[in-house]
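The values are calculated or read from the model by the stated rules, or taken from the named source; none is laboratory data. Keep in mind that this is a model prediction, so the values were computed, not measured. Here the Cβ positions follow ideal geometry from the backbone for every residue, glycine too, while neighbour counts run over all protein chains shown. SASA here: full protein model, heavy atoms, side chains in, ligands and nucleic acids out. Shrake-Rupley method; radii C 1.70, N 1.55, O 1.52, S 1.80 Å.
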Amino acid sequence: LTGTHTFRGVNPASGIVLFYHLPELKKDDVITLDIADADGKLVRSFSSKAVEGFKKWDGGPSAEPLLPKAKGLNRFVWDLRHTTIPGVPGVYIEGSYSGHKAIPGKYRLTLKFGDQTAAADAEILANPLYPTTPAQYREYHTVMSGMERALAAMHDSVNSLYEKQKQLDAVITALPAGVKYAAVKRDGVGLLKKLKAWEVEMIQGPSQA
């Protein structure tokens, strides 16, 4: 819809809308947007550059939205959510990887290009239809942040050890045959089995829906 129909309109964006004006940038120039809360703690970051090596799979997280950097006026919408939780490649999760919704309060949005910065303040207002108190909002934020950090740490550990598995497997494969390296190879195979067993305990890779 264009919003020009007599009896139709366009719903407003669900989030904070940021407009910014840019000069003509080079193809490899990168701009970033940092969002911080009233205490100066980083809530989320965005970039005009896509994450290198990002792969999409069923049941995995979506790619982060990119900041537009066209010459002239640009528009970007922050969906009010905290940092997206990383996934484990190939693992299907029936759930959202999105961070929790930011609570009511004041936020600082800082756009950066090289050593140049431009900042703007924004405020999220509490929904008057909800009886939630400021203390309850803060408690929600604390609980959700803790769970998201724990889950991100778990996924990061699985991903890190998976890379170690590949490295160890490559080393074992490259070892020359013979008695000289037999003990090293045996220990390496044993360690590899333990890493794979730990991975199976942590995730259910083969399961899908």
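Does any residue of region 135-152 turn out to be among the polar types (S, T, N, Q), touching a helix residue (DSSP H, G or I) at 6+ places or on another chain (Cβ under 6 Å) and more than 19 Å from residue 45 (Cβ to Cβ)? Among the residues of region 135-152, not one is among the polar types (S, T, N, Q), touching a helix residue (DSSP H, G or I) at 6+ places or on another chain (Cβ under 6 Å) and more than 19 Å from residue 45 (Cβ to Cβ), which makes the answer no. Set side by side, the residues 195, 168, 175, 191 differ, and just one is at pLDDT 85 or above and under 27 Å from the mean Cα position of the chain (by Cα), which is 195. Only a single criterion out of (1) open to solvent by 90 Å² or more (accessible area, probe 1.4 Å); (2) at positive phi is not satisfied by residue 178, namely (1). Considering region 104-123 alone, what residues qualify as being farther than 30 Å from residue 56 by Cβ and of a type in the set (Val, Ile, Thr)? Answer for region 104-123, where residues must be farther than 30 Å from residue 56 by Cβ and of a type in the set (Val, Ile, Thr): just 117. On inspection, residue 147 passes the criterion of being open to solvent by 100 Å² or more (accessible area, probe 1.4 Å) and aliphatic (A, V, I, L, M). Look at residue 43 and say whether it is under 23 Å from residue 148 (Cα atoms) and touching a Ser or Thr at 6+ places or on another chain (Cβ under 8 Å). Spelling it out, residue 43 is indeed under 23 Å from residue 148 (Cα atoms) and touching a Ser or Thr at 6+ places or on another chain (Cβ under 8 Å).
Scanning region 94-148 for residues being of a type in the set (Val, Ile, Thr) and over 19 Å from the mean Cα position of the chain (by Cα) gives a total of 4. Selection of region 150-173 for residues being open to solvent by 60 Å² or more (accessible area, probe 1.4 Å) and touching a Lys or Arg at 6+ places or on another chain (Cβ under 7 Å) yields an empty set. Got a sec? Which of 200, 189 is in a helix (DSSP H, G or I) and either under 30 Å from residue 38 (Cβ atoms) or open to solvent by less than 100 Å² (accessible area, probe 1.4 Å) (or both)? Exactly one of 200, 189 is in a helix (DSSP H, G or I) and either under 30 Å from residue 38 (Cβ atoms) or open to solvent by less than 100 Å² (accessible area, probe 1.4 Å) (or both), namely 189.
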